[in-house]
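Shown next, in structure tokens, is the structure this report addresses.
The values are calculated or read from the model by the stated rules, or taken from the named source; none is laboratory data. Everything numeric here is computed off the predicted structure, so don't read it as measured data. As a convention, Cβ positions derive from the backbone with ideal geometry for all residues, glycine included, and neighbour counts pool all protein chains shown.
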């Protein structure tokens, strides 16, 4: 089903059972997977590769060029998985360098006016709430929730199963499994409700809470010293080990 007012490049590749509504524009070098639905006034720029069963609401602008001043006009890319929803006025930009695309996984929900900038790497089952903004080169791991009007600074990472409060200003990495809120953001506790909903055991939840208290509530001592003082049995818990590896891999520093 393609509305007669839609403009589609002959060099675009369209899957089967797609719906393209009024005044949509699909440029050359776009690959649109099976059963995708574009409601109206959606613009998809190339080079963009979109998987199956994605839904785009009015005025979404997908695959537009990088806003990075280093971008010199070379053909860069956007790669999107399956079963994603892009609500009204969502913007997603391509990568800055050839061979380094912006990527989104599958089963993500991007609410109205949210923005994913160039070179971001977004996992699966993410919720990016209204007006949530990811600057360039941001990494967001699976099941993270970015609440409304939150802004993530460039090159930051948002850990798996974490959640940020509305209006949060995020300038350092958000650890996995945690709640972060405020301007600037601070870690407020573990994401207990989210972990319960996703089937984490009570043992894992207790271990994460214990690690949180020892790493994030103490005023004195740097993280390396606090990690060294953790009980060895606590470090062996798989979720705590994931948290500690995230901290060790941080380049911008971890939100405390």
Exercise. Can you name the strands (runs of 3 or more DSSP E) wholly within region 1-94 that have at least 3 residues being in the same structural domain as residue 122 (by TED's automatic domain parsing), touching a residue at least 24 places away in the same chain (Cβ under 8 Å) and within 14 Å of residue 115 (Cα to Cα)?
Worked result: 61-64, 91-93
For this session: Working only within region 69-86, note down all residues that are surrounded by fewer than 20 Cβ atoms within 10 Å (Cβ to Cβ) and either closer than 17 Å to residue 38 by Cβ or touching a helix residue (DSSP H, G or I) at 6+ places or on another chain (Cβ under 7 Å) (or both).
Result: 82, 83, 85
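Tell me the residue from 133, 164 that is assigned by TED's automatic domain parsing to the domain that holds residue 53 and free of Cβ contacts under 8 Å to residues at least 40 places away in the same chain, please.
After ruling out the rest, the residue left standing is 133.
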Problem set entry | Selection status of residue 187, touching a residue at least 60 places away in the same chain (Cβ under 8 Å), touching a strand residue (DSSP E or B) at 6+ places or on another chain (Cβ under 6 Å) and either crowded, with 16+ Cβ neighbours inside 10 Å or not assigned by TED's automatic domain parsing to the domain that holds residue 90 (or both) | yes
Exercise. Looking only at region 214-232, which residues are part of a helix (DSSP H, G or I) and loosely packed, with under 11 Cβ neighbours inside 10 Å?
Worked result: 224, 225, 228, 232
